[in-house]
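The values are calculated or read from the model by the stated rules, or taken from the named source; none is laboratory data. All values reported here derive from a predicted model rather than from experimental measurement. When we count neighbours, we look across all protein chains shown, and the Cβ atoms used for this are built from the backbone with ideal geometry, even at glycine. Note: areas computed on protein heavy atoms with side chains; ligands, DNA, RNA excluded. Shrake-Rupley method; radii C 1.70, N 1.55, O 1.52, S 1.80 Å.
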Amino acid sequence: MNLVFENISKVFQETVALEKINLTMSSGVYGLLGPNGAGKTTMMKIMTDLVPPSTGRVLLDGQDIAVMGAAFRKKLGYLPQDFGVYPNFTAEQFLLYIARLKGLSKYEAKRQTDDLLSMVGLEEKARKKLKGFSGGQKQRVGIAQALLGDPEILVLDEPTAGLDPEERIRFRGIISALSQQKIVLLSTHIVSDIEAIANQVILLKKGSILDVKRPAELLEKIEGMVWSVTVDTENEAELIQKYSCSNILHMDGKSVIRLLSEHKPCVEAAPQSPNMEDMYLYYFGQ
């Protein structure tokens, strides 16, 4: 299975949201990283056939998804960033409702609803009304509804927003297990989630793709550029103004500063292994 973005551009009035996106995706998890306004949500809406591109097309195994219509949507699971629920529905009622909208039989809707509520750890809350759910619990319901119908393509916009660390670990395990047979596009600002489960990372800035690589390959690019410097707190401002800073830890009147620099920033600087937050700062920091 291949999903291809073929010369995709999108213009809203005079604003260019996406420009000449060319990308081929096959089974696996693709992490979509970029600052606010980069075009991530627009790219996802085009991929789900919710928004038409200004130019170009998206092809699934050679077929234009806009022409496929309902046949494409049957293969799709989508969790939008602004996912909402019906507050007076129970979790079970809501998933059964979405399942019927997706065309599942009554039996299959019930079977999948039970399985997915168990998968996301909400089986004991199946008959509780959604208005009493926490933000993280509602997000888990959103993840479950995206998985109804066993879609071949999953598009998840900020799926771990509102989840606590244990919930995020559970989610990453679910997606990792599913990704062998599916195309998963995952957008999040929590870069540790991308590092944990993404096979490929798509870097998007100002509507254009900067790079598509494995997380390890992106980290290799900034190897030897990350430093830790410990200075008196009153002296930290000079270093922060001069170099990109990914972290500051204050303790006992000292500042431990994590910096990005192609050259050793000062005598006291000690080299550090890069992480995904350093990589994000390298590509998207000011």
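Laid out as a table, the results:
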item	result
Among (1) open to solvent by less than 40 Å² (accessible area, probe 1.4 Å); (2) modelled with pLDDT of 95 or more, the one test that GLN272 misses	(1)
In segment 192-249, the residues that are open to solvent by 30 Å² or more (accessible area, probe 1.4 Å), of a type in the set (Gly, Ala, Ser) and at positive phi	GLY224
Segment 1-22: number of residues that are open to solvent by less than 20 Å² (accessible area, probe 1.4 Å) and either out of contact with any helix residue (DSSP H, G or I) (no Cβ under 9 Å at 6 or more places or on another chain) or β-branched (Val, Ile, Thr) (or both)	3
Tally of residues being open to solvent by less than 50 Å² (accessible area, probe 1.4 Å), in a helix (DSSP H, G or I) and either of a type in the set (Gly, Ala, Ser) or in contact with a Pro (Cβ under 6 Å, 6 or more places away or on another chain) (or both) across segment 164-191	1
Residues within segment 192-239 that are within 17 Å of GLY34 (Cβ to Cβ), in a helix (DSSP H, G or I) and either modelled with pLDDT of 95 or more or in contact with a helix residue (DSSP H, G or I) (Cβ under 7 Å, 6 or more places away or on another chain) (or both), tallied	6
Filtered residues of segment 230-280 (kept if aliphatic (A, V, I, L, M) and out of contact with any strand residue (DSSP E or B) (no Cβ under 9 Å at 6 or more places or on another chain))	ALA237, MET251, VAL267
Lone qualifier among GLU108, GLU152 - being open to solvent by 30 Å² or more (accessible area, probe 1.4 Å), in contact (Cβ under 8 Å) with a residue 60 or more places away in the chain and over 23 Å from ARG168 (Cβ atoms)	GLU152
Tally of residues being small (Gly, Ala, Ser) and touching a Leu at 6+ places or on another chain (Cβ under 6 Å) across segment 37-90	3
Failed item in (1) touching a Leu at 6+ places or on another chain (Cβ under 9 Å); (2) open to solvent by less than 10 Å² (accessible area, probe 1.4 Å); (3) modelled with pLDDT of 95 or more, with LEU130 passing the rest	(1)
Single residue of segment 111-127 satisfying the filter (free of Cβ contacts under 8 Å to residues at least 24 places away in the same chain and under 19 Å from GLU152 (Cα atoms)) that is most open to solvent (accessible area, probe 1.4 Å)	ARG111
Residue ID - nearest to PRO53 (Cα to Cα), chosen from residues in segment 82-97 that are surrounded by 15 or more Cβ atoms within 10 Å (Cβ to Cβ) and modelled with pLDDT under 95	PHE83
Pairs where the first residue, in segment 1-12, is small (Gly, Ala, Ser) and the second is assigned to a loop (DSSP other than H, G, I, E, B), C-beta under 6 Å, 6+ apart	SER9/SER54
Hits in segment 31-50 - residues which are closer than 23 Å to GLU277 by Cβ and open to solvent by 20 Å² or more (accessible area, probe 1.4 Å)	PRO35, ASN36, GLY37, THR41
Enumeration of residues in segment 264-286 that are in a loop (DSSP other than H, G, I, E, B) and over 27 Å from ILE202 (Cα atoms)	LYS264, PRO265, CYS266, VAL267, GLU268, ALA269
Qualifying residues in segment 255-269 (those that are of a type outside the set (A, V, I, L, M) and modelled with pLDDT of 90 or more) - the one nearest to VAL191 (Cα to Cα)	ARG258
Residue that is nearest to the chain's Cα centre (by Cα) [pool: residues in segment 56-74 that are surrounded by 14 or more Cβ atoms within 10 Å (Cβ to Cβ) and of a type in the set (Val, Ile, Thr)]	VAL58
